[in-house]
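**Q** Starting off with a structure, shown below.
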Amino acid sequence: MTGSPGESDVSTGTRSVDRLVTTLRTHLDRGRVAAAVLALVGAAVAVVVAGDVFPYRSLNHDEGVYLQQADMLLSGQLFLRPPVEDAFRPWFFVESARGLYSKYAPVPAAVFALGKLLGGYPLALAGIAAGLVAGTVALGRELFDARVGALAGVLLIATPLFVVHSGLFLPYALTTALNVAFAVSYLRGERRESRRDATFAGVAVGLAFFARPYTAVLFALPFVTHAVVTLVRSGAWRVPLTAAGIGSEGARGNDDRARGLFVRRAVTAALGTVGVLVTFAYNAVVTGDPWLFPYLAFAPEDGVGFGERAILGHVVDYTPELGIEANRLVLETLFTDWVVAGPLGAGVAAAGVALVLVGRGIPGDGDESAFDGRVRRGLLAATFATVAAGNVAFWGNFNVLGALEVRTDGLIYYLGPYYHYDLIVPTAVFAAVACVAAADGTRAAATRLATRRDRVDPRHARVAATVVLLVAGAAAGGVAAGAVDDTVERNTEVTEELRAGYGSLVADGDPGAAVPENSVLFLPTPYGPWLNHPFQALRNDPGHDGPRVYALGDTRELEVARAYPERDLYRYVYAGSWVPTDDSTVRGGLREVERVAGDRIYLNATLGRPESVESTTVRVTGDRGSTYLVATDDGGPLSLSMVVEDGELRVSGEDLAVSGGEEGEAEEGRLPLDDGDEIEVEVFVSTGPASGYSYRLSFPYERIDGTARALTATAERCPVPTRCVPDGVEESPPDRGIDVTFSNASAGT
């Protein structure tokens, strides 16, 4: 008698659940579960660091370049075409006839763009961090065992360079994740004799090359060397010859295993070559020359090698001696400050490498493998040599140091030796090897001791050994946590200064949100005529048509105003030095900018002075010269009037006389103007033989079809020539205030 239909459904469901549980048990052993958990931890670290440590991005302004490029890719663009030339050029973008393009390859930006599509740019960082941690766990497990893999993942997460860069939109973590994926796939492919793994290896190394060619080559070099040597030594290179009827039938490459080896090599090489060809194709699209990389189009002397190296006026004679010294300092910094637990972690990793070279007491030695374990592990160890040696020829390692003799100078102090980022993975893996080997040795020694002395219970001995290991691990964990805290704290202090600088622009934690929508914001240029340098958090949409448009201040401002006739104009001004590492806080302010147009334009200013001053001089400058006036009174507020009419500027004041005129003569100073001009006014107030201060006013002017046009003047008070305070950023002393009006009507009308 058969059961009821309901009973049959329950039985079928139970069997399905049993099969699912069996499948999960088969594929999700403790090592894989550990990898998944650690990957999630790595992802969480990335999100927290990006949001809490780097909400305004880091000192490395390349982040803004990659994010601008990601915005472009999401809009289907490789080129920016700003509405006004020169006023919208982002940092590290190259000018061309087709528009502006990034000096960097698009792979990192494409990954960041994918994160944005899935919900936000930080998701990309979370995915990269998770992939790198999972790859490190897989690499440790592949070369040794599951314990080494899991511990390597833990050590990577405790690595300062990993923690800091997990929250940065830079290419180094991504490239390393691709390199690790290549290594794991290559090693698995050899052990399993798997074409699928060989395919993954080719895709990974091809993408890594497209992202950062030199970095990918340095890491892959030991594996590529091994691939070539084994192909030659095995005779598998003869397979295509034999298939074509060339060569002897008895050649070793004629058997199935040789054919498999040859196919794996061919698949990996072919897909890796595709990455190289895609790189050259991209070069051809953006630079017009497949052999010209975008970064060399930006700065032709910014390449790998020795001799004169230069970028944006920074020129160095990069000799081999300088390269060796710079890289010695970089590696010293890496292994003392930026690997897990600093010098302690570096020493433990060195012990792990020594164990591999000796070939004794290595975790996982009993596992079966497709080829000699020492060679497999030696490939990873060899990356220390190839990455370190290859970077000697790259002058970027000199640049990250700043002043060589100052340990706290340069980007390396805050963001670490990121050109050597690849090395944190083998460091974590070999440190894990040494730790697991030490734990195994300690437990084995405790057991032997208990066996020799009958009065000691072996279980008690193992417990004691475990306690010793836990205490040692806790101490090492404290050292590792301290190293992470130090590096994070440095960057947190930088963020606090950036927070103060951006303050007037921020609303609800969003940089720029305090600026009204449908506006144009003119930004200052403390580092030169670039957007996103330093203001990375303020980026334009690729079409320059977002709710807020950001333009360079003092650069074709009137043309920008004409390009956006329906938008309100604002200017961001600040006082102080925009150097977030100097412990000096910037005070910023947002100022509305008015358009003024008419047959004539009037500027009236009242500038505060003490009741008694030594002297006061006024200089008004345009592209076609200057005019000078002097005050004839004894002090008090100074009134200054300017009229722009018929291509000429006239400046006057009740107590002003043209320099060189008769005392008391109140004639106007006159200055001819071009149809497009930048007018600067400097008033110097002398308060003693060696003391004084100045005021500066500046505004753009143009004349089109007989109509004069200008924008609200920027006004500053300068206690010393190199330190100026824009009007309104902070309260002025009672006798040093600024009051400026700007209109197309005189003060008396």
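The values are calculated or read from the model by the stated rules, or taken from the named source; none is laboratory data. This is a predicted model, so every value here is computed, not measured. Ideal geometry is used to build each Cβ from the backbone, glycine not excepted, and the neighbour counts take in all protein chains shown.
**Q** Would it be correct to say that THR242 is polar (S, T, N, Q) and over 30 Å from PHE335 (Cβ atoms)? Can you show your working first?
**A** Details: polar (S, T, N, Q): yes; over 30 Å from PHE335 (Cβ atoms): yes.
Considered against the rule, which asks whether it is polar (S, T, N, Q) and over 30 Å from PHE335 (Cβ atoms), THR242 comes out as yes.
**Q** So GLU566 passes all but one of these: (1) surrounded by fewer than 19 Cβ atoms within 10 Å (Cβ to Cβ); (2) at pLDDT below 90. Which condition number does it fail?
**A** Tallying (1) surrounded by fewer than 19 Cβ atoms within 10 Å (Cβ to Cβ); (2) at pLDDT below 90, GLU566 fails exactly one: (2).
**Q** Something else about it: When only residues in the stretch 393-406 that are more than 20 Å from HIS165 (Cβ to Cβ) and surrounded by fewer than 19 Cβ atoms within 10 Å (Cβ to Cβ) count, which is modelled with the lowest pLDDT?
**A** GLU405
**Q** Looking at the structure I just gave you, is ARG30 under 37 Å from the mean Cα position of the chain (by Cα) and modelled with pLDDT under 95?
**A** Criteria met by ARG30.
**Q** Same structure, new question: Looking at PHE144, PHE182, which is the one that is under 27 Å from VAL107 (Cα atoms) and buried (at least 24 other Cβ atoms within 10 Å of the Cβ)?
**A** PHE182
**Q** Give GLY99, GLY140, GLY131 a once-over and let me know the one that is under 23 Å from the mean Cα position of the chain (by Cα) and not polar (S, T, N, Q). Spell out the reasoning first.
**A** Details: GLY99 fails: under 23 Å from the mean Cα position of the chain (by Cα); GLY140 fails: under 23 Å from the mean Cα position of the chain (by Cα).
From the options GLY99, GLY140, GLY131, the qualifying one is GLY131.
**Q** Follow-up. Out of curiosity, is ALA385 at pLDDT 95 or above, under 18 Å from ARG141 (Cα atoms) and in the same structural domain as ARG188 (by TED's automatic domain parsing)? Explain how you work it out, then say what you get.
**A** Numbers: at pLDDT 95 or above: yes; under 18 Å from ARG141 (Cα atoms): no; in the same structural domain as ARG188 (by TED's automatic domain parsing): yes.
It is false that ALA385 is at pLDDT 95 or above, under 18 Å from ARG141 (Cα atoms) and in the same structural domain as ARG188 (by TED's automatic domain parsing).
**Q** If we scan the stretch 83-99, do we find a residue that is in contact with a strand residue (DSSP E or B) (Cβ under 8 Å, 6 or more places away or on another chain) and either surrounded by fewer than 19 Cβ atoms within 10 Å (Cβ to Cβ) or assigned by TED's automatic domain parsing to the domain that holds VAL549 (or both)?
**A** Filtering the stretch 83-99 for residues in contact with a strand residue (DSSP E or B) (Cβ under 8 Å, 6 or more places away or on another chain) gives 84, 86-94, 99.
Remaining after also requiring either surrounded by fewer than 19 Cβ atoms within 10 Å (Cβ to Cβ) or assigned by TED's automatic domain parsing to the domain that holds VAL549 (or both): 86, 99.
Yes: the stretch 83-99 contains one or more residues that are in contact with a strand residue (DSSP E or B) (Cβ under 8 Å, 6 or more places away or on another chain) and either surrounded by fewer than 19 Cβ atoms within 10 Å (Cβ to Cβ) or assigned by TED's automatic domain parsing to the domain that holds VAL549 (or both).
**Q** How many residues are of a type outside the set (Ser, Thr, Tyr), more than 22 Å from GLY503 (Cβ to Cβ) and part of a helix (DSSP H, G or I) when one looks only at the stretch 57-79?
**A** Total satisfying the criteria: 9.
**Q** Report whether or not ALA326 is among the small types (Gly, Ala, Ser), more than 25 Å from VAL406 (Cβ to Cβ) and crowded, with 17+ Cβ neighbours inside 10 Å.
**A** So ALA326 fails the test.
**Q** Across the stretch 591-607, what is the total count of residues that are surrounded by fewer than 17 Cβ atoms within 10 Å (Cβ to Cβ) and either over 21 Å from SER694 (Cα atoms) or outside the structural domain of ARG736 (by TED's automatic domain parsing) (or both)?
**A** Qualifying residue count, the stretch 591-607: 7.
**Q** Among the residues of the stretch 524-537, how many are surrounded by fewer than 21 Cβ atoms within 10 Å (Cβ to Cβ) and among the aliphatic types (A, V, I, L, M)?
**A** 1
**Q** Are any residues in the stretch 151-183 closer than 22 Å to VAL205 by Cα and outside any helix (DSSP H, G or I), and if so, which ones?
**A** Hits for the stretch 151-183 are PHE169, LEU170, PRO171.
**Q** For the stretch 226-237, how many residues are surrounded by fewer than 20 Cβ atoms within 10 Å (Cβ to Cβ) and free of Cβ contacts under 8 Å to residues at least 60 places away in the same chain?
**A** Going through the stretch 226-237 one residue at a time, the tally reaches 7.
**Q** Quick check: anything in the stretch 239-262 among the β-branched types (Val, Ile, Thr), touching a Lys or Arg at 6+ places or on another chain (Cβ under 6 Å) and modelled with pLDDT under 95?
**A** So far as the stretch 239-262 goes, yes, one or more of its residues are among the β-branched types (Val, Ile, Thr), touching a Lys or Arg at 6+ places or on another chain (Cβ under 6 Å) and modelled with pLDDT under 95.
**Q** Of the conditions (1) buried (at least 16 other Cβ atoms within 10 Å of the Cβ); (2) assigned to a loop (DSSP other than H, G, I, E, B); (3) touching a strand residue (DSSP E or B) at 6+ places or on another chain (Cβ under 7 Å); (4) not basic (Lys, Arg), PRO610 fails just one. Which one is it?
**A** Every condition holds for PRO610 apart from (1).
To keep it simple, each residue is scored yes or no on (1) buried (at least 19 other Cβ atoms within 10 Å of the Cβ); (2) outside the structural domain of ASP646 (by TED's automatic domain parsing); (3) closer than 20 Å to ASP623 by Cβ; (4) at pLDDT below 90.
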site	(1), (2), (3), (4)
GLU680	no, no, yes, no
ILE704	no, no, yes, no
THR707	no, no, yes, no
PRO719	no, no, no, yes
PRO726	yes, no, no, no
ASP735	no, no, no, yes
THR749	no, yes, no, yes
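**Q** Filter the stretch 364-378 down to the residues that are crowded, with 18+ Cβ neighbours inside 10 Å and modelled with pLDDT of 90 or more, then identify the one that is farthest from LEU187 (Cα to Cα).
**A** ARG377
**Q** Can you find a residue that is in a loop (DSSP other than H, G, I, E, B), of a type outside the set (Val, Ile, Thr) and surrounded by fewer than 17 Cβ atoms within 10 Å (Cβ to Cβ) anywhere in the stretch 44-56? Even if it seems obvious, please write down each step before you answer.
**A** Residues of the stretch 44-56 that are in a loop (DSSP other than H, G, I, E, B), as a first pass: 54-56.
In the following step, the residues that additionally are of a type outside the set (Val, Ile, Thr) were identified as 54-56.
Right, trim to surrounded by fewer than 17 Cβ atoms within 10 Å (Cβ to Cβ) and you get none.
Checking the stretch 44-56: not a single residue is in a loop (DSSP other than H, G, I, E, B), of a type outside the set (Val, Ile, Thr) and surrounded by fewer than 17 Cβ atoms within 10 Å (Cβ to Cβ).
**Q** While we're looking at this one, here's another question. What number of residues within the stretch 419-453 satisfy the criterion of being at pLDDT below 80 and in a helix (DSSP H, G or I)?
**A** 10
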